[in-house]
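Colleague: Here you go, one structure.
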Amino acid sequence: MNRIAGCVLLFLLVVGLSGCGDIRRPENRPEIGLPGSERTVVKVDSRKEWVPTSVWVQAGDRVAFHASGIWIDAFIPCHADGYPAPWLYNWNRPPRIPDNGRYFRLMGRIVPDGLQPREDDPAETFVIGNESERTADHAGRLFVFANDREGYYWNNFGSVTLTIEKVSGQQ
Ligand SMILES: [Ca+2]
């Protein structure tokens, strides 16, 4: 038995050192391939200020988004289009990205270096919502999030499911 256990340990050690057990996709490889031929599904956790996706785009790529499901901000259930909250804006409590009186809408940002941004940039952030399309004006990795107020993610519940599909662009 000791000999078998030794062989198993040796095998695991060799596999671990050689990286054979690692099937993760390289971080700098595009997940989406030919136009319209592939799609990616991402679960967007409402409690996360940044949700990285495996989607990398090139400038000029056009991407289609479709979100489904319900998430909850404190006691307010809504879908990926969020909910109108002008009273919070009037109270000087807008969300991270000002959004015409809305709260909790699904937002996206394409980040050139692929690393989680340290701070928000409204000019670089765009609305995804339930259904939309977007043409990337620069290359990068797609990050998404519920547009809540900073520091108020702790009282969020649930997630929405986002399907991302490249409809045109480079391979
Ligand atoms: Ca909240």
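None of the figures in this text is laboratory data; all of them are computed from the coordinates on show. No experiment lies behind these values; they were computed from the predicted model shown. In this analysis, Cβ positions are derived from the backbone assuming ideal geometry, glycine residues included, and neighbour counts consider all displayed protein chains.
Colleague: Using 7 Å Cα-to-Cβ label points, what is the Asn100/Lys48 separation (nm, one decimal)?
Modeller: Result for the modelled spin labels: 2.8 nm.
Colleague: Of the chymotrypsin sites (Phe, Trp or Tyr not before Pro) in segment 84-171, which ones lie in a loop per DSSP and count no more than 11 other C-beta atoms within 10 Å?
Modeller: Listed in order of number, the matching sites are Trp91, Trp154.
Colleague: Taking 7 Å along the Cα-to-C-beta vector as the label spot, tell me the Ser68-Thr163 distance in nanometres, rounded to one decimal.
Modeller: Label at Ser68, label at Thr163, 0.6 nm between them.
Colleague: Return the loop-located GluC sites (Glu not before Pro) in segment 106-171 (DSSP other than H, G, I, E, B) with at most 10 other Cβ atoms within 10 Å of their own Cβ; answer none if there are none.
Modeller: For GluC sites (Glu not before Pro) across segment 106-171 that sit outside H, G, I, E and B with at most 10 neighbouring Cβ atoms in 10 Å, the list reads Glu119, Glu150.
Colleague: Trypsin sites (Lys or Arg not before Pro) within segment 113-171: which are DSSP loop residues with at most 10 other Cβ atoms inside 10 Å?
Modeller: Loop-located and lightly packed - Arg118.
Colleague: Quote to one decimal, in nm, the extra length available between Leu88 and Thr40 on full extension: 0.36 nm per residue of separation minus the C-alpha distance between them.
Modeller: On the way: separation 48, 0.36 × 48 = 17.28 nm, distance 3.42 nm.
Answer, rounded to one decimal: 13.9 nm.
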